Amino acid sequence: MKITELDKNFASEKAFGQEVVYLDSKNPCFALFGVSWDGERYVRLPKEVAEATNEGVKELYKHTSGGRVRFITDSPVIAIKARLPEHRMPHMADIGCTGFDILAEAGEKKEHFVLPNWGTQDEYASIAWLGERKKRHITLNFPLYNTVEDLKIGVSADAELLPARPYSVPEPVVYYGSSITQGGCAGRSGSSYTALLSEWFDCNYINLGFSGNGKGEQTMARYIAGLNMSVFVMDYDHNAPNAEHLEKTHEPFYKTIRAKHKNLPVIFISKPDFWGSEADIKRRDIIRRTYENAKKAGEKVWFLDGESIFGAHDWIERDACMIDRCHPNDLGMYLFATALKPLLKEALESRKK
């Protein structure tokens, strides 16, 4: 329906020289995924779970990695006004860390548009010019490393708004892991490996990557076990403080999930910043052992060796994929998603068996 049919009191305003109408992102004409509103901000999981897990998760659960708003419009522009605290990291581009990203789909054509902050005093304000007027399916990706305390979405005053199409895989793929899972250091939120896989498979997802703080606690395992999901991806190797901690937590974490989901496809991943040290090998062996034990038990499991993600032998190739010998850049995120893609395809297809 037309914007004016949603509410006769909607008034247009000038945004970057364009007449637009702003709607609150919580308006029911928008479909929200990956985050929920807690009365003050968008969050990735309940406050009580975050506080019971660890001090890092207590803060990072407010970061909106994996948050999305989806809708259909014929507006040639999409504008946003958002309230979010100042947050920057020295090794990550602002547009990925704290910016928004649009995936616009018109038939078979897909295009990404970034929404950089144009430096307003009190709000994050930005606009994307999509081109000629035509109906597009819009996915607005939230920031990877910031809190969104308010978000309004602007479209042309004469635009039509329609409900988003449902995902082909509506039950979310749930990712649990480290800063790499959260999206560090993708150039934009739509190029994190979790977002790329969602785009390729048209699948819903929940990002539970917690930078430096994915440590395999049972509090988190029990929370995840209570979720409805299509596939679970377990990727916290990098945040385990040492191999001993990983060995103590990895298989018990998996077993907590498995106890509630007898037929759930699960993918294990070892850390991609693998340099062949004794510690690296020991950690990978621990994860592989969890996988092999589950496989012997006849459970639906897959294993992705992190060493293979950025190229196992060519150090120049590997180095070109990472910002700091650890966090993937956009090339690294693409290769990560590419390596995981065939396993996720098999895992999703296995649900039909």
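Just so it is clear, none of the values below were taken in a lab; they were calculated from the coordinates. Since we're looking at a predicted model, the values are computed, not measured. Quick reminder, even Gly has a Cβ in these numbers, built from the backbone with ideal geometry, and neighbours come from all protein chains shown.
In this Cβ point-charge picture (+1 for Lys and Arg, -1 for Asp and Glu), segment 3-162 has a dipole of about 320 debye about its Cα centre. Computed over segment 169-350, the convex hull of the alpha-carbon atoms projects to a mean area of 9.3 nm². Ranking 220, 286, 303 by how far each Cα lies toward the positive end of the dipole of segment 169-350 (charges on Cβ) leaves 220 at the top.
Considering only GluC sites (Glu not before Pro) in DSSP loops that have at most 12 other Cβ atoms within 10 Å, the longest stretch of the chain without any of them is 133-353.
Ordering 236, 338, 350 by Cα displacement along the dipole of segment 169-350 toward the positive end leaves 350 in first place; charges were set at the Cβ atoms of Lys, Arg (+1) and Asp, Glu (-1). Close amide H contacts of residue 164 (hydrogens built in the peptide plane, cut-off under 5 Å, sequence separation of 5 or more or a different chain): 31, 72. Computed over segment 127-199, relative contact order equals 32 percent, with contacts defined as Cα pairs under 8 Å that lie 6+ residues apart. Our summary of shape: the Cα atoms of segment 3-162 have principal axis extents of 47, 36, 33 Å, ordered from largest down, in whole angstrom.
Rounded to the nearest 20 debye, the dipole size of the chain about its Cα centre is 1180 debye, using +1 on the Cβ of Lys and Arg and -1 on the Cβ of Asp and Glu.
Converting phi to 3J(HN,Hα) with the Karplus coefficients 6.51, -1.76 and 1.60 and the offset θ = phi - 60°, segment 247-258 yields 5, 5, 10, 5, 5, x, 4, 4, 5, 5, 5, 5 Hz in sequence order, with x at every glycine or proline.
How high is the relative contact order of the chain, given as a whole-number percent (alpha carbon pairs under 8 Å, six or more residues apart)? The normalised contact order for the chain reaches 17 percent. Calculated mean residue ellipticity at 222 nm for the chain: -8500 deg cm²/dmol, from DSSP H runs with n ≥ 4 weighted as -39500 (n - 2.57), summed, divided by the residue count and rounded to 500.
Of all segments of the chain bounded by chymotrypsin sites (Phe, Trp or Tyr not before Pro) found in a DSSP loop with no more than 12 other C-beta atoms within 10 Å, the longest spans 119-274. Using the Karplus relation 6.51 cos²θ - 1.76 cosθ + 1.60 with θ = phi - 60°, the per-residue 3J(HN,Hα) values for segment 38-51 come to 9, x, 10, 6, 7, 9, 9, 7, x, 4, 5, 5, 4, 5 Hz, with x marking Gly and Pro.
Normalised by the number of residues in segment 3-162, what is the relative contact order in percent for Cα pairs under 8 Å and 6+ residues apart?
Across segment 3-162, relative contact order equals 34 percent.
Placing unit charges on each Cβ (+1 for Lys and Arg, -1 for Asp and Glu) gives segment 54-212 a dipole about its Cα centre, and among 206, 157, 137 the Cα reaching farthest toward its positive end belongs to 137. Segment 207-233 and segment 236-301 have their alpha-carbon centroids 13 Å apart. The order of 152, 58, going from fewest to most other C-beta atoms within 10 Å of their C-beta, is 58, 152.
Distances between placed amide hydrogens fall under 5 Å for residue 231 paired with 173, 174, all partners being 5 or more residues away or on another chain. In the chain, the convex hull through the Cα atoms has an average projected area of 18.0 nm², a quarter of its surface area. Dipole magnitude for segment 191-278: computed about the Cα centre from +1 point charges on Lys and Arg Cβ and -1 point charges on Asp and Glu Cβ, it is near 480 debye.
By the count of other C-beta atoms within 10 Å, a proxy for reagent exposure, 126, 65, 350 are ordered fewest to most as 350, 126, 65.
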